[in-house]
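First up is the structure itself, then whatever we jot down about it.
The values are calculated or read from the model by the stated rules, or taken from the named source; none is laboratory data. None of these values were measured; they are calculated from a predicted model. Backbone-built Cβ (ideal geometry, glycine too); neighbour counts: all protein chains shown. What goes into the accessible areas is simple: the full protein's heavy atoms, side chains included, and nothing from ligands, DNA or RNA. Shrake-Rupley method; radii C 1.70, N 1.55, O 1.52, S 1.80 Å.
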Amino acid sequence: MAGQPDVADVHVNTLLSQISIAHMNDLASFAADKIFRPVGTDKQTDIYPVYDRGFFFADEGERMVRAPGANAATSGFKITNTNTFFNINYAIGMELPDELIANSDEVFNLHQDATVLVTHIQMIRRERGFAVDFMKTGVWGTDVTGTTNFVKWSDYAGSDPLSDIRTGIRTVQLNTGMAANTLVLGKRVWDRLADHPDLIDRLNGGQTPGGPAVAMPENLARILGLDEVIIMDSVYRSSVEGATTLTMAFTVSDDALLIYRPRTASKLMPSSGYTFFWKSLVNGSAVPHYIRSIREERPRKTIIEAHAYWDQVATETQAGYYFSDAVD
């Protein structure tokens, strides 16, 4: 129709202010801080004492029989004071020049966006640190490997994961006096276990009419008498920045770890590990990182930084039982 305007004449595309799309982990996916209890330290490095194993399990037998008027038999213990931690400073920031802030549209809150970015990068560092250092053979008191030492749990016809895990629980108890109370699973391991007939059969009594039995981590924990089953299902970018193809990976995939850990950091307890953090350098907070907003006037920019001082340490390796290549 003559004189009729089209859409381009009456509307110019602009950014919506209600929504934006970003990709990041659900905070519930981060597990490292749950596995190794946090311990705040006053100094960057120090020693944690370790009582030598065996003394508190002694049966002194007939030596303990006391005659009237005689002194009681004596015992004791030895302490090793050579175990140390060192809280490394991990830091990451994002620069926000004044011109960038002034030109940003309504949908962007760049200070908040930068805070979320550096926080997630810090948390992924601790997840990856735990996975690389502790979800591997050669660290814990016992290592077992799928096919070599047990039938992989993805073999639903031949495997017995509940029995395998109970063997690990007993082994940790024999080595430390404390039965393993926490099971850490890679994402693929949990996916296979959630469909395993041995687990589903135990849950069938709780299914609803017309609804299937659905396995949850707390179900597995209850069946095995564990305090918690933790799924390490966060993901990270495994390709380098700027690579032609973005490659993502789960932090842990086909491995599992049984550990004993006290409910809180405690004395005289054989905890599998702790995350030490320099509490005075993170403003006394209960987590190993904090956010700084730094104003630099000469270049006219604000820097949002996340700082952390921490060290993840396996403080009692006999309190761990590691399942390598547990599933296909």
Q) Residues in segment 54-77: is at least one within 26 Å of Ser234 (Cα to Cα), touching an Asp or Glu at 6+ places or on another chain (Cβ under 8 Å) and surrounded by 10 or more Cβ atoms within 10 Å (Cβ to Cβ)? A) no
Q) Which numbered condition trips up Asp164, out of (1) touching a Phe, Trp or Tyr at 6+ places or on another chain (Cβ under 7 Å); (2) over 14 Å from Leu258 (Cβ atoms); (3) assigned to a helix (DSSP H, G or I)? A) (2)
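Working only within segment 294-328, note down all residues that are polar (S, T, N, Q) and in contact with a Phe, Trp or Tyr (Cβ under 6 Å, 6 or more places away or on another chain).
Gln312, Thr315, Thr317
Restricting to segment 2-30, name every residue that is in contact with a helix residue (DSSP H, G or I) (Cβ under 7 Å, 6 or more places away or on another chain) and either open to solvent by less than 70 Å² (accessible area, probe 1.4 Å) or outside any loop (DSSP other than H, G, I, E, B) (or both).
The answer is Asn25, Phe30.
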**Q.** Residues that are hydroxyl-bearing (Ser, Thr, Tyr) and crowded, with 17+ Cβ neighbours inside 10 Å, drawn from segment 90-133
**A.** Tyr90, Thr115, Thr119
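Here is a yes/no grid of residues against (1) closer than 29 Å to Tyr90 by Cβ; (2) touching a residue at least 60 places away in the same chain (Cβ under 8 Å):
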site	(1), (2)
Leu110	yes, no
Thr115	yes, yes
His120	yes, yes
Gly129	yes, yes
Val132	yes, no
Phe150	no, yes
Ala180	no, yes
Q: Sort out which residues of segment 289-328 are outside any strand (DSSP E or B), over 28 Å from Asp42 (Cα atoms) and not acidic (Asp, Glu), and write them in order of number.
A: Arg298, Pro299, Arg300, Ala326, Val327
(Q) Could you list, ordered by first residue, the pairs with Cβ atoms under 7 Å in which the first is in segment 317-328 and over 10 Å from Tyr260 (Cα atoms) and the second is aliphatic (A, V, I, L, M) and in a helix (DSSP H, G or I), at least 6 apart or interchain? (A) Ala326/Val189; Val327/Val189
(Q) So in segment 134-165, with the set limited to residues that are hydroxyl-bearing (Ser, Thr, Tyr) and closer than 13 Å to Leu199 by Cα, which one is surrounded by the fewest Cβ atoms within 10 Å (Cβ to Cβ)? (A) Ser163
(Q) Condition (residue is of a type in the set (Lys, Arg) and over 26 Å from Thr176 (Cα atoms)) applied to segment 254-265: is it met by at least one residue? (A) no
Q. Any chance segment 232-255 includes a residue that's part of a loop (DSSP other than H, G, I, E, B), in contact with a Gly (Cβ under 9 Å, 6 or more places away or on another chain) and closer than 24 Å to Gln44 by Cβ?
A. no
Q) Quick one: is Leu220 at pLDDT 90 or above, buried (at least 17 other Cβ atoms within 10 Å of the Cβ) and within 23 Å of Ala131 (Cβ to Cβ)? A) yes
Q) Does Ser324 satisfy being open to solvent by 20 Å² or more (accessible area, probe 1.4 Å), more than 21 Å from the chain's Cα centre (by Cα) and of a type outside the set (Lys, Arg)? A) no
Q | Single unsatisfied condition, Leu258 versus (1) in contact (Cβ under 8 Å) with a residue 60 or more places away in the chain; (2) within 24 Å of Asp133 (Cα to Cα); (3) part of a strand (DSSP E or B); (4) open to solvent by 20 Å² or more (accessible area, probe 1.4 Å) | A | (4)
Q: All but one of (1) surrounded by 10 or more Cβ atoms within 10 Å (Cβ to Cβ); (2) among the charged types (D, E, K, R); (3) at pLDDT below 90 hold for Arg37, so report the exception by its number.
A: (3)
Q: Restricting attention to segment 98-143, report how many residues are of a type outside the set (A, V, I, L, M), modelled with pLDDT under 95 and outside any helix (DSSP H, G or I).
A: 5
